[in-house]
Every structure is written in C-alpha cells, then in structure tokens.
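To keep things clear, I will list the structure first and then write my remarks on it.
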Amino acid sequence: MQLPILSILIFLPIVGIGILLILDRKHHKGLKYATLAISLVEFLVSLPLWFNFNSQTAAMQFVEHREWLPTYGISYYVGIDGFSLLLIMLTTFLTPLCVLATWDDIQHRVKEFMVCLLALMSGMIGVFVSLDLFLFYVFWEVMLIPMYLLIGVWGNPARRVYAAIKFFLFTMFGSLLMLVAILVLYFHYGKTTGTYTFDLLKMYGVSIPFNMQFWMFLAFGLAFAIKVPMFPFHTWLPDAHTEAPTVGSVILAAVLLKMGTYGFLRFNMPMFPEAAHYFVPLFSILALIGIVYGALVSMMQKDLKRLIAFSSVSHLGFVMLGLFTFTMPGVQGGIIQMINHGLSTGALFLIVGMIYERRHTRMISEFGGLCTPMPVFAIIFMIVTLSSIGLPGLNGFVGEFLILLGTFQVNKLYATIAATGVIFAACYMLWMFQRVVFGKVTNDKNKDLKDLSWREIAIFAPLILFIVWIGVYPSTFLDKTKASTENFLAMMAKAKSTQVSQSHVFKGEAQ
Amino acid sequence: MVFSDPILLGCLLTVFLPLSAFALIMIFTRDNPKLSLAISLVAATIPLIIAWTFFFKLGGRAPIIYNFDWMVSDLVKVPFGFLLDPTSLVMFVIVATISWLVQVYSIGYMAGDPGFGRYYADLSLFALAMLTLVISSGLLQLYIAWELVGLASYLLIGFWYEKFSASEAGKKAFVVTRFGDIGFFMGLVFLVIFYGSLDIATVNSAAVANSMPPWLITTSGLLIFCGVMGKSAQFPLHVWLPDAMEGPTPVSALLHSATMVAAGVFLMTRIFPFFAASATTMTVILAISTLTLILSSTIALAATDIKQVWAYSTVSQLGFMAMGLAAAALASGTLFAGYYHLTTHAAFKALLFLCSGVFIHHFGTNDFFTMATQGGRKLVIPMACITIAALALAGIFPFAGFFSKELILTALAHLDNKLWLVLGLFGAFLTAYYSFRVIFVMLFPKSPEAYSKVPGHIAHVEDEAHGHGAHGHADDAHGHGHDEHHGVPWVMIFPLLVLASFTLILGFCQDYLEKLLLGASHPHAMNYFLLVAAVGCALSGIALAWLDWGRKDAKCVGFISRFPALQTFFIQKWYMDHFWRWFLNRFIYGIFSKWFTYNDRRVVDGGVDAVAFSTVGSGRLLSFIQTAFLQYNLLFMVVVLAGVGIYLMMGR
C-alpha cells in the first residue's frame, strides 16, 4: 500500500503545532529548532512526490479519496498533477528557508509566530492538492488567517493594521463571491446529473450554458485575480508586502500569489472553458497593463519592499499573459515563471529583510556602497537581481522567453507590449541595485555593516542553485508539466470549437 | 564520446574553462590576486591554443556542427551546440587572442588594485560569453551569449563601483543595449514561429534558397538589426559606448575591438545571407550606418579625452563596417569587406586603447593635451605603436586599415547612388583628421598655454580630478606617484608589440583570409580612381591635422572652431545624450511613472480606502486587546462556515 504522502504533508504541520504548544514559550531557540525540524521533515516527505511522479500521464497522482460528509457530496479528495507538483515542491522547499530567516528577525511572540507559519504551510499545501471544491474553499480561507496575523501582529507597527485589514478585506471580498459561485455550480451539477457533489474532476465534464459560465468565470476570476494580483486589484499588495515581516513577505510573494494563478489554471479555465476563451482579450489586456504599469510604478518607488512588490505585479502579469494564450509554450512558460517568481522575488525579500535587520530602514536613499562592507551580500544580490530581470542563463529568461513565444503565436501586438516590460525591469532593478550596492559609503551607519553570516548564506545557497538550474537546464522542470499542459490544452481546444456559436447565443440573449 | 572527439572536446573546453575560472575566482580566490590571475590565465591560454589549432587545422574544411537538446517545448526545440566554419573560426581566433593579450596587459595595468581577483573573474566571464557567442550553432544560444556579453560589460564598465559615473555608465550600457536586444529577441520569435528553426546554417541556406517568405526576412532582419544597433553602437543607440570608457582601459580595449561591439557586426556576418536576402533591410542598415559614421567622426573632432576620441572612432568604424556589409549585400557582393575590416580594426583599435592605457597609467590623466605637455612622447615604444595604429585607422598604406577600407569603399562604389561613396570618403577624411590630431599633439607638444583655447581641455595639471579619478582607485592602492616614473612593465609592452605586428601583417593576409572565408579569392581589379580618392582623403585629413596641430606655429584650435555653432553641436555630441535624458525624464518618469503612481495612490486605492479606513477604525479598537484578533478571525470563519452550512441546508 502506498503511503498517503499528501495527507502527511497536510497534517504534519498541524502535528507540529501540537508539539510547539507543549514547548516552553520562553525558550525561543528551542521553538525555532523544532519548527525548522518539522519543516525539514516536511520537505523530505515531499521529495518522493518529485521522484515517483509519473510525468507521462496527465491523470491525478498520489490520489486519496475518502468520504467526508457523504450526504452533501463532500469528500476528502486530494491528488496532484504536474501543475501542483511544482508548486508543492516550491512550498516545502521555501518553508525551512523561511524558518531560518526568522532566526534573528522574530524576537517576540515566537511561539505564536511559529504556529502561524506551520498553519500557513498546511493551508498552502491543502490548496494545491485539493480536488474537492469544498475542501479547496476551506483551505483557501484557513490560510488567510495566519497570513493576516503575520502582517497584523509581527508587521511594521506604524501601518500594520491598515495593511492587514486591507489584505483581509480584498481577499475576503473575492472569496465570498467565489463561495457563491461554488454553490451555484454545486446545485447546477446536482440538477443536471441528479447527484450532488463537490468533486472537481466531475465538474470538468459537466456542460454549463454559456451565460452561466460567463458569470461563474467572473466570480471565480475575481477571487483569483485579487490574489494574483491583477491590475486594478493590486493595491493591497504593496501595503501588505511593505508592512509584513520578512518571512511574511517571502511567503506572500512566493506562494500565496501563486494560488491566484494556480486557481485560474485548475478551476477557472477547465471548468468554464468557453467563457475562458471569451475573456481572453480582457484578461490579456489587464495582464499587459499590469506588466507595464507595475514596471513604471516601480521606477518611482523609494522603499525597497514597495519596489519589489510592484515588480511582482509586473511579473505576475507575465504569468497571466502566458496562461491566457492557451498555447503550449505560453502555459508552460507561465508555470515555470510562477516558480521563477517564487524563487527570485522570495530571495529579493529575504535580501531586503537582511539589510533591514542591520539598518532598520528600507529606504533606498539610506543605502549606497554596500559592496564595500558586504561583498558576499553584493554578489548574491546581483545574481538575484539579474535573475529577476530575466538575464539568459538564469531562470527568469526561460519563463519570459516561453511566455513571449506563446503570446506571439496568438497576438503579435500583445507580445510586443509585453516585451517592453523586460526593458523597464532592467531599468528599475538595476537602478535599485546601483543605489544600494554601488558607489561610496556615504552614510556612516553603513560603514561597519556585517557581511552575511553562514546561516544567511545557507538560506541563499539552495535558492541560487535552483535559479541557475532552471536557467541552464529547464527541461528538468518543463518535463514534469508537459503531460498536464497537453491535457489542459486539449480541454481548452475542445471548448474553442463550440465557442463561436455559444457566444452568439449569449449575445442574442443579451439583446 | 566527448574524449574520442578532439574537436568537440576543444569546443567544450573553450566554454567551460572560462566558466569554471569565473566561478572559482568568485567563490574561492577573490582575495588572492596571484592565484586568481593564474586560474584566469590558464583558462584564457588553453582556448587561445585551441583557437589557433582549429584555425589552421579546420580552416579549409566543411563546417562542423554539433547539437544537443536544451529546452524542449511543444513547437520549440532549442538546441545547444557548436558551429565551426570559416566565419566563426576567424572570429574565434580574434577573440581568443585579444582577450588573452588584454589579460596579460592587465597584469601590469591593474597591479595592486583591491579588486584584482574580481577583475580577472569578470574578464573570464567576458571571454566565456564572447567565445560561446562566436562558436554557437543556433541563434537563441547566440542570443543568450549575447546577453552574457552585456552582463560582463556591465560588470567591467562599472568595475570601479565606488565611482558614481562608473556604475552609471555600466547601467547605461546594459539598459541601452537591452533596448536593442528586445528587437533582436522579437526577431528571433518571428523566425521561430514562422520559419520554425533558429539554426544558423539552416536559416542561411533557407534565405539563399528563397524558401523563406520575403516579408519574414525583412521583418525579422530589421528586428535583429535592432540588436546590432544596440551592441555595435549604431545611431541612435550609440550613446552608451563613449560612456563605457569609465571602465579600466584594458577593458575598453577589449570592449572596442573584439568583444562587445564586435558582437553586433559579427552577428551581421554570421547570418549575412539571411540579411542580404532583403534589400529593404540592407538599405535601412546602410542609411543608419552612414549616419553613424558621420555623426561619430564629427564628435571625435572636438573631444579632448584620448579615450573618448578612440571611442567615437570605434563608433564610426563600426558604422563603416556595417556600410560595407550593407553595400556588398545590395550589390550582391560578399561579406568579405566588412568582415576583413572587423578583423583589422580589432587589431589596431585594441592597440590604440592599450597604448593610451600606458599613457593614462603613466600620467594619471585622460586628457591628451596634458599628456603631451608632460612629455608623453618620451615613452618611445607606446608612442611608436600608437602612431602605427593611428596610421592604420587613417587608412595609410601599408598598414592593415588601408586594405580593408579600400575594400569597403570599393563595395560602396558598386552602388548606383554614388552619394554613399562620397559620404564614406568624407568619413575617411574626418577619421584621418581626428586621429592625427591626437598623434600630432602628442608628438609635437607645444607649451601648455597654447592649448588653453581648446574647449573642454583642462589647462591646469593639478586640476586633474576627472582624469586621475578615473583610476585613482588603482593609484592610491599601490602608491603610484608622479615622482616615481618607473619604466613601463614588460607585460604591458609585450601585447603592444604583438598587436603592432598584427597591424603590419594583416594587410598582406587579405588573399589568404579571403580564400579561407569565401573558398576562393577573387583578384581585385584595381580601381585607380578610388585608390587615389581614398588615399587623397586620408592624406588631406592628416595634412589638415598637421596645419592645425602639428606644425611649429600651429594655432592649436582646429578648423572646426571657425564654425562655433557646429563646434558646440559636436562638443555636445549632437545633443543625443540630452535627447535621451529628456525623453526619459519627461516622458517615462515625468508622465507615465508619476501619473501611474499618483493613480495608484489616489484613484485605484481611493475607493478601497474609503472602505478600508472605516474598518481601520474598528481595527484600532481591536488593537487595544490584541489577542482578540485571533478570536475575531475565528469568529469570522465560523460565520462563513455557518453560512455555507445554511446554504447547504437550503439546497436540500
């Protein structure tokens, strides 16, 4: 019998929370070591997923299906395919690094912090593995709370409450609409087939009239678009990032935002394929606006974290653009770009966190010449910056290349506009890098900054390994998603043939 | 498999040795100058040997191609591989040789610099990128190497990162060339989608066999040329190159001769049949490169910084090469003229920069008027070498530049419209003038007062902030003062002699190279009119320079000062820098960024904040009892879940 790896991944952090609760709250180091150990075990448990994953098939793997509330058709149904595999690996890979990053950073309410972190981890895994809409929604909501607390309790005292509530309101607003849509879907399925179920894979098969798809797509889409975040729903992101503690920003950027894009890929598009085709222009244009807008606003930022936050808006615009091409390179590029963004932006937030620990400021103008006191830091910062602007040989390039290729097949104008985002990225990232790292040390407080410790180098080493690996040999990762992407595209293509007639129907009704 | 095939092994070594040198130095030996130097030199010498061996062994053979799969997605298969044919072999030799010479030269130039190890790591990265670019078999791989070349230049131009202008120049080089690279990239995307392959050999043969739609060739040709404009500093993207002299002088030598800027022209020769298949593309290239030639030659007339003069001369010679290639393509000629000029130019331009480096190192200034008055000509060998190089640049027989310029002018003469030829000749005249302006000032210095009227020249020796600061870093570190006029170290002299002999020999290798590149050498019908015209232009340029700067009672103001408006125009570099700065500040920052940021704060956020602020009030209230947060949220969750439950009940 196969081990229920996915369940272990979901529940191990919860067991971990139990262990933490027993431990003495004053013993900070002990709490941190315990959390580190739990997250490392979690990572080790997730490794068999990677190695035993069969990349030839698009079917769900490591499936566990148990009845939960059979009267309502709710089941505990988890499984993964190529899309979720990469995101789960990213999550389990980043969490131990995040724990390491809290070593000196978090000094009060350590126990609660670690509990939040583990709860967050459980929630994130849950979102990526759920194949039952109800289960998915539970995890989606559960995850909000620890994140809200991370920002609201351990954030920057000045504006943390504002940022936390803004984050919460935005996301909650979207998910309530999604909840309504899930219920509508549930009853529609029940009416047409006679069985009431929340089973996602069964939902894929059911035919939904176009005008219903239209509204459902928007309801789900809004929840996910807020999470991504797509323009114009992005304004919670800079505040949340700026006020959150380092680790909060890292997880927010690296994993939480991916839930939005993942949601589009897993729920929105396959369930409402006709509507998805119908909305391609709208979402592509919003993605393009996000790319250019995020980049241009980044240029004006004075705060390191805000700058990186806006660059996230730009990068995730690329992901969305890729997914909405419904082409092989576009979708694969979108997925690989999700991972890339997780690695690069996660690393950037860690970098900012490290200088924040030393200087207690994030203003770009406060820095300058850090290359002299902190040479190792400067090298790592440079690699990550270059990865973020998509230098060939590092990961960002692979994603951007595939996305632009896919976009180009569909619409040349979109591709051209998106390509300008690449130039802007070089402008603002290099500008930031220059102001922080190059030049003479003008501020006396920067003169004797300590270079990175071994612990800090150990956090970056694995990140950089993968940044280079994806850049040099992306096939390792592309192969895993190939079958799933083909399957996804086949589903979308089937819908496209019927799309024309149905959009006529819809327009007829609208008149 | 790898070891049984010496050619493949050679290619792999060429790529991986500099790569491992870069990694080793960066990670382990950065603080150990001697060890870093040794690693880097080993990693530069072996590719040098490989390059020359390949050159002689494989020169006449059919192209050798290796391909390995790299990135496979549905319709894109991107192979990684090597293509060894005459076009790449010649460039391979040039790059390997010049980067080796520069590494040797830098032993002396950079001695004592605190960043010595880092410098050699960056040089290795540069070699890696450029060598990969030269021998790559596919255009995407070439593009990747192309970007890495940009990265290496960024690092080396901004090498003295403590200087604001240096890091600024590095950034400018990166961003401006990237601007062009987007075009290049889109060109590649066009090709891969509408043609399906990025393999260089396939693309070339398809263009020759007419199996590609003409619109595709024109569109992607023009887009790819955008990349060339960026890298090879063609108008209007030339603005980064003159600033790039902020880097150490050996880096400028490398940048201006065999690597960064040569990459663009090399790309044009690499897919020359493809470019040549579209007359529209070639006409555009011809126009842009001619404009570049005239623009940069006129700016060089007025420059007072020795490196700046050579920088603009590089821009103009690159324009000249592109003109040669475009003209040859339009008149169904061959790539030889442009390629040959690239080869000879690599030798004499590297020589010019390395010689200037000796002077800069010695006198601690970049201003050649100051060098002259302080006795620059007493450094006999560098002075002789720089004169040889300037003669070659001006195109005087029997130096290498003469032969290659002659070929390009011949190609221009084949065009129906003779205006191009006239402009080319005018460029040659200006080139001769500004290069001998430097030489005559250095050879026959006048009293410092004589130069006081030169605009831009800083008259007082003490006031050498900009010159000395250029590598004050290096100087402070090893206490190289003015009273300590030690001789120039042999590691710096040796590369000069090698390059000078190349400058002398290369002119006579024309037939050999042509045979190698084209398979057959065509005896050239001497066009005597052209010969006389070209030599006449060069000589009159030199003569004018003599009248203005060389002879005993020269006025030392330059003929251009009779046209003050023009002079200002040239000194201000045709206001191109101003234009870009204005464009950036006014439009990108002033309008878009500012307006968007405002929009983000006020408009998009405004509506949200109305909601949010009202909640913040309750949030503040709650923050008195901070622990209540958890309960509050749990309550919220319970309400939500209860809502779900109610919905479910109602559904039944």
Multiply the residue separation of B:Phe583 and B:Ala279 by 0.36 nm, subtract the distance between their alpha-carbon atoms, and state the gained length in nm to one decimal. 106.3 nm
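Based solely on its DSSP helices, what 222 nm [θ] is calculated for chain A when runs of n ≥ 4 H residues each add -39,500 (n - 2.57) and the sum is averaged over all residues, nearest 500 deg cm²/dmol?
-25000 deg cm²/dmol
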Between B:Trp215 and B:Ser447, how many nm apart are label points set 7 Å from Cα along the C-beta direction? 7.2 nm
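What chymotrypsin sites (Phe, Trp or Tyr not before Pro) does segment B:370-414 have in DSSP loop regions with at most 14 other beta carbons within 10 Å?
none
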Taking the solvent-accessible surface of protein heavy atoms with a 1.4 Å probe, what is the per residue accessible area of segment A:9-161 in Å²? 35 Å²
For the pair A and B, how large is the buried accessible area, both sides, in square angstrom to the nearest 100, if the probe is 1.4 Å? 7100 Å²
Cross-link pairs beyond the 31 Å C-alpha cut-off, checked among B:Lys349/B:Lys418; A:Lys26/A:Lys450; A:Lys166/A:Lys202: A:Lys166/A:Lys202
Virtual spin-label span in nm between A:Gln107 and A:Leu169, 7 Å along Cα→Cβ: 3.4 nm
Separation of the B:Lys418 and B:Phe28 label points, Cα + 7 Å toward Cβ, nm: 6.7 nm
Can you give me the Rg/Rh ratio for segment B:198-337, using Cα atoms for both radii and the Kirkwood formula for Rh? 1.02
Rounded to whole Å, give me the distance from the Cα center of segment A:134-162 to that of segment A:168-231. 23 Å
For segment A:448-458, in order, what is each residue's ³J(HN,Hα) by Karplus, 6.51 cos²θ - 1.76 cosθ + 1.60 with θ = phi - 60°, in whole Hz (x at glycine and Pro)? 10, 5, 7, 5, 4, 7, 4, 4, 5, 5, 5
How much accessible area does B:Val491 have with a 1.4 Å probe, in Å² rounded to the nearest 10? 20 Å²
Taking each residue of A:422-431 in turn, how many C-beta atoms of other protein chains fall within 10 Å of its C-beta, and what is the average? 5
Relative to the longest principal axis of the C-alpha atoms of chain A, give the angle of the C-alpha long axis of helix A:28-52, reported between 0 and 90° and rounded to the nearest 10°. 40 degrees
Cα Rg over Rh - segment A:279-472, Kirkwood: 1.01
Along segment A:115-122, what does the Karplus equation 6.51 cos²θ - 1.76 cosθ + 1.60 (θ = phi - 60°) give for ³J(HN,Hα), rounded to whole Hz, x for Gly and Pro? 4, 4, 4, 5, 4, 4, 4, 4
For segment A:1-86, shape from the Cα gyration tensor axes a ≥ b ≥ c, cut at a/c of 1.5 then a/b versus b/c, turns out oblate
Taking Cα atoms only, Rg over Rh for segment A:170-321 with Rh from the Kirkwood formula is 1.04
When the Cα centres of segment A:309-371 and segment B:107-127 are compared, how far apart do they sit, in Å? 31 Å
Here segment A:397-414 yields Karplus 3J(HN,Hα) values (6.51, -1.76, 1.60; θ = phi - 60°; whole Hz; Gly and Pro given as x) of 4, 4, x, 4, 4, 5, 5, 5, 4, x, 4, 4, 4, 8, 8, 5, 5, 4
Given a Förster distance of 25 angstrom, what is the FRET efficiency for A:Leu201 paired with A:Thr476, based on the Cβ-Cβ distance and rounded to 0.05? 0.35
Once the Cα atoms of helix A:304-323 and of chain A are each reduced to a long axis, what angle between those two axes, in degrees from 0 to 90 to the nearest 10, is obtained? 30 degrees
For q values of 0.09, 0.11, 0.13 Å⁻¹, compute log₁₀ I(q)/I(0) with the Debye formula on a Cα-only model of segment A:357-511, without solvent. -0.50, -0.66, -0.80
Evaluated at q = 0.18, 0.19 Å⁻¹: base-10 log I(q)/I(0), Debye formula over Cα of segment B:62-149: -0.83, -0.88
Step by step: find N for chain A, compute 2.2 N^0.38 Å, then divide the Cα radius of gyration by it. What's the final number? 0.94
For chain A, what % of the accessible area comes from carbon and sulfur atoms, probe 1.4 Å? 67 percent
Pull out a ≥ b ≥ c, the square roots of the eigenvalues of the alpha-carbon gyration tensor of segment A:111-155, then state rounded if a/c is under 1.5, prolate if not and a/b is larger than b/c, and oblate in the remaining case. prolate
Please list the non-local residues whose amide H lies under 5 Å from the amide H of B:Trp70, H modeled 1.01 Å from N, same-chain partners needing a gap of 5 or more. B:Val78, B:Phe80
With DNA, RNA and ligands ignored, accessible area of B:His414 (1.4 Å probe; Å², nearest 10): 120 Å²
Hits in segment A:73-87: amide N under 16 Å from the 7 Å Cα→Cβ extension of A:Ser7, namely A:75-80
Where does helix A:82-101 land angle-wise versus the long Cα axis of chain A, in degrees 0 to 90, nearest 10? 20 degrees
Determine which lysines satisfy two conditions relative to B:Lys555: a Cα distance under 19 Å, and not lying fewer than 8 residues away in the same chain. B:Lys446, B:Lys453
Compute the separation of the alpha-carbon centres of segment B:234-297 and segment A:409-463 and state it in Å as a whole number. 29 Å
Indicate the gyration tensor shape class of segment A:32-189 (rounded, prolate or oblate), computed on the Cα atoms with a ≥ b ≥ c the square roots of the eigenvalues: a/c under 1.5 is rounded; otherwise a/b larger than b/c is prolate and the rest oblate. oblate
Cut-off 16 Å, label 7 Å out along Cα→Cβ of B:Val42, residues of segment B:83-123 by amide N: B:121
Report P(r) for the protein assembly as shown: all Cα-Cα distances, bin width 20 Å, range 0 to the bin holding the largest distance, values in whole percent. 12, 39, 32, 15, 3, 0
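The values are calculated or read from the model by the stated rules, or taken from the named source; none is laboratory data. This structure is a prediction, so every number in the text was calculated from the model and none was measured. Ideal geometry is used to build each Cβ from the backbone, glycine not excepted, and the neighbour counts take in all protein chains shown. Note: areas computed on protein heavy atoms with side chains; ligands, DNA, RNA excluded. Shrake-Rupley method; radii C 1.70, N 1.55, O 1.52, S 1.80 Å.
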